[in-house]
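Structure first, commentary second.
The values are calculated or read from the model by the stated rules, or taken from the named source; none is laboratory data. These figures come from a predicted structure and were not determined experimentally. Positions of Cβ are generated from backbone atoms using ideal geometry, with glycine treated the same way; all protein chains shown enter the neighbour counts.
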Amino acid sequence: MDLRHVETERLRLDAVVPGDLDAHVALMSDPGTWAHLPSGRHTSPERTAEGIEHSVGHWARDGLGYWTARLRHDLPGTPLRADDVVGTGGCAVRVGTAWWNLYYRFTPAAWGRGLAAELVAAALDAAHRTDPGLPVVATLLEHNLESRGRAERSGLTLLWRGPDAGNPDPDAVRLLYADRALPDEVLGRIATHP
């Protein structure tokens, strides 16, 4: 199975490549996309290009990384049309870590329509096929109820709650979900990794 190109019921998931830059700049610079973490919003194409470069590296090094999510068909009730980029995400082993980082980010017009569920299911399957020995971990902000719900409905379990390392908001609380129990030492490394 070629994990660089995966289809779900409504999404075409393709490994992030430099040619996706314009679509990713539009997605990652949209304040609505970052409603739960305004400080995460990309304010320059260079920042987005750096993220794409990391993703290209994930695919080359580990055989899996983040995808660009495009619609296979028009999305009824929205202005979104077939082939529109509606999000990004997947599982990647970030540099300096030893776990699959589950990530998903969608344009607000696509929220609440089950698209994140499709991407997350594909990402979990891909991670378990690629290296089932590595845990899949999702870290998210406690006040992001939609993301919490998605992690829980995907079968991940809440393992840790605490301060959000690297967040400019000192009151931000990070939640750590995983697909399996993790030793305290691993939990500590994940919790302190920005």
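Looking only at region 59-83, residues that are modelled with pLDDT of 95 or more, over 19 Å from Ala23 (Cα atoms) and exposed (fewer than 12 other Cβ atoms within 10 Å of the Cβ) come to 1 in all.
For region 152-167, which positions are touching a residue at least 24 places away in the same chain (Cβ under 8 Å), farther than 22 Å from Leu64 by Cα and hydrophobic (A, V, I, L, M, F, W, C)? Within region 152-167, Leu159, Trp160, Ala165 meet the criteria.
Within the span defined as region 144-151, one or more residues are within 27 Å of Ala15 (Cβ to Cβ), out of contact with any helix residue (DSSP H, G or I) (no Cβ under 7 Å at 6 or more places or on another chain), in contact (Cβ under 8 Å) with a residue 12 or more places away in the chain and among the hydroxyl-bearing types (Ser, Thr, Tyr). Looking only at residues of region 128-169 that are in a helix (DSSP H, G or I) and of a type in the set (Ser, Thr, Tyr), we find that the one that is nearest to the chain's Cα centre (by Cα) is Ser147. Evaluating Ile52 against the criteria (1) closer than 24 Å to Asn144 by Cα; (2) surrounded by 18 or more Cβ atoms within 10 Å (Cβ to Cβ) leaves one unmet condition, (1). Name every residue in region 42-88 that is assigned to a helix (DSSP H, G or I), among the polar types (S, T, N, Q) and closer than 21 Å to Glu118 by Cα, in order of residue number. Within region 42-88, Ser55 is the sole residue that qualifies.
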